[in-house]
Amino acid sequence: MSQLSFFSAETDEPSLDDLAGLLAASGQSVTFAGGVRVSVVVDSQWRAEALATEITETGLTVHVGVSDEGSPLVRTESTSRLRDLHQRWTRGAIKTMPAGWVPSPRSLRMWVLAAGDREADRYLLALDPHAVDSHALLATAVMRAGIAPTLVGTRGHHPALRIAGKRRLTRLLESIGDPPSVPGAAEHWPTL
């Protein structure tokens, strides 16, 4: 087990604002008559299971299913409790990062669970290819959290923030804590 930072995701209390990490990735928030639902399509079942656990810790009911394309899908209940998060992350009908947002350790953890992956000795946090205007803003937000990433893949279908170097990877690991105990998670978790 790694040594935890004082501000680690494992020591912070779960909050509905943690779901911002899903919106930083490819997650979406949608309004309904009864409230707002946050959902994210992921590339593997371990991600869906781990996210379901994290979301449940915030006090929300979560559903794990399958998207129309056959990928694992995680979505919250529709609730008015998510209305503030939706309003902060939406301008008109477009998802956009709120000005001044700094990802908390738990929102970084959700982002890693939804869309993080190793790339040799570096780590990638995938970005939503449909929210291009937010990519540079998200890079700045991660910098404000003490991790300086490089924006990569912006001309393709797989934009991401690349985190490289021992100091930056250590800061990321201190923030997000240990991988969840679901098969497959450790292979995709950042390492030094």
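Each value in this text was obtained by applying a stated rule to the coordinates, not by laboratory testing. From a predicted model like this one, the values you see are computed outputs, not experimental measurements. Here the Cβ positions follow ideal geometry from the backbone for every residue, glycine too, while neighbour counts run over all protein chains shown.
Using the alpha-carbon centroid of each, what span in Å lies between segment 135-192 and segment 11-31?
16 Å
Which order do the peptides 143-150, 19-26 take when ranked by the mean count of other beta-carbon atoms within 10 Å per residue, highest first?
On the way: 143-150: 16.5, 19-26: 26.9.
The densest-packed peptide leads the list: 19-26, 143-150.
Using just the alpha carbons, could you tell me how many Å³ per residue the convex hull of segment 104-145 encloses?
Numbers: hull volume 3.5 nm³, N = 42.
It comes to 82 Å³ per residue, whole-number rounded.
From the residues P149, S80, A131, which one has its Cα farthest along the dipole of segment 40-154 in the positive direction, the dipole being from +1 and -1 charges on Cβ of Lys/Arg and Asp/Glu about the Cα centre?
Value computed over the given set: S80.
Please work out, to two decimal places, the log10 of the ratio I(q)/I(0) at q = 0.15, 0.17 Å⁻¹ from a Debye calculation in which every Cα of the chain carries one identical scatterer.
Cα-only, vacuum Debye calculation for the chain: -0.85, -1.12.
Stretched out fully, how many nm does the piece from V102 to Q87 gain, at 0.36 nm a residue minus the Cα gap? Write down the numbers at each step before the final one.
Working: separation 15, 0.36 × 15 = 5.40 nm, distance 1.65 nm.
Value of the extension gain: 3.7 nm.
So for segment 16-188, averaging the separation of alpha carbon pairs under 8 Å that are six or more residues apart and normalising by length, what relative contact order in percent results? Kindly include the intermediate steps, with their values, before the conclusion.
Details: 304 pairs, mean separation 39.9, N = 173.
Once normalised by length, the contact order is 23 percent.
Suppose only helical runs count, i.e. DSSP H with n ≥ 4. What mean residue ellipticity at 222 nm does that imply for the chain under -39500 (n - 2.57) per run, divided by all residues and rounded to the nearest 500 deg cm²/dmol?
Numbers: 7 runs with 60 residues, N = 192.
It lands at -8500 deg cm²/dmol.
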